[in-house]
Amino acid sequence: MIKDAETVKIAVAPLCDIPENGTRTFALHGKSVLVARTPAGVFAIENRCSHALQALEGGKLKGFHIFCPAHGVRFDMRDGSAMGTLTKLPINVWDVEIIDDVIHIDMDVE
């Protein structure tokens, strides 16, 4: 029997714990989730490049994009789409909401 996933809102950290133009990784429901804070917004993305399967933590942030520190693949943190020639495979992204200065991520859990 396949159980349907349920979306839950998870409080992960106070907004002030992630510096502007910085990131922090969280282990949430068996996934490594990278939260990035930029002037363009706060994003929650899969902490794994779809090209080289390397962690995106430590990658350069620019606007809505993060660059893989291993080979420079660029991902749009709004929808996970990959830019460039190394991969077209997107990464997972999750909706983020700031409630009372706390970062919340909407995740599917079983």
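Based on this model, can you work out whether LEU34 counts as part of a strand (DSSP E or B), of a type outside the set (Gly, Ala, Ser), surrounded by 13 or more Cβ atoms within 10 Å (Cβ to Cβ) and modelled with pLDDT of 95 or more?
Numbers: part of a strand (DSSP E or B): yes; of a type outside the set (Gly, Ala, Ser): yes; surrounded by 13 or more Cβ atoms within 10 Å (Cβ to Cβ): yes; modelled with pLDDT of 95 or more: yes.
Yes, satisfied.
So, in region 56-90, exactly how many residues are in contact with a Gly (Cβ under 7 Å, 6 or more places away or on another chain) and among the aromatic types (Phe, Trp, Tyr)? Don't jump to the end; show me each part of the working.
Start the filter on region 56-90 by keeping residues that are in contact with a Gly (Cβ under 7 Å, 6 or more places away or on another chain), which leaves 66-69, 73-74, 90.
Narrowing the set further to residues that are among the aromatic types (Phe, Trp, Tyr) leaves 67.
The qualifying residues number 1.
Where in region 40-110 are there strands (runs of 3 or more DSSP E), lying wholly inside it, with at least 3 residues that are within 21 Å of ARG24 (Cβ to Cβ) and touching a residue at least 60 places away in the same chain (Cβ under 8 Å)? Before you say what the answer is, go through the steps one by one.
Numbers: elements: 41-46, 60-62, 65-67, 74-76, 96-99, 102-109.
Once the strands (runs of 3 or more DSSP E) in region 40-110 are filtered for at least 3 residues that are within 21 Å of ARG24 (Cβ to Cβ) and touching a residue at least 60 places away in the same chain (Cβ under 8 Å), what remains is 96-99, 102-109.
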*asked:* Just checking, does region 10-22 include any residue being in a loop (DSSP other than H, G, I, E, B), in contact with a His (Cβ under 7 Å, 6 or more places away or on another chain) and either modelled with pLDDT of 95 or more or closer than 21 Å to MET107 by Cβ (or both)?
replied: no
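The values are calculated or read from the model by the stated rules, or taken from the named source; none is laboratory data. As the structure is a computational prediction, the values presented were derived from the model and not from experiment. Here Cβ is always computed from backbone atoms with ideal geometry, including for glycine, and neighbour counts include all displayed protein chains.
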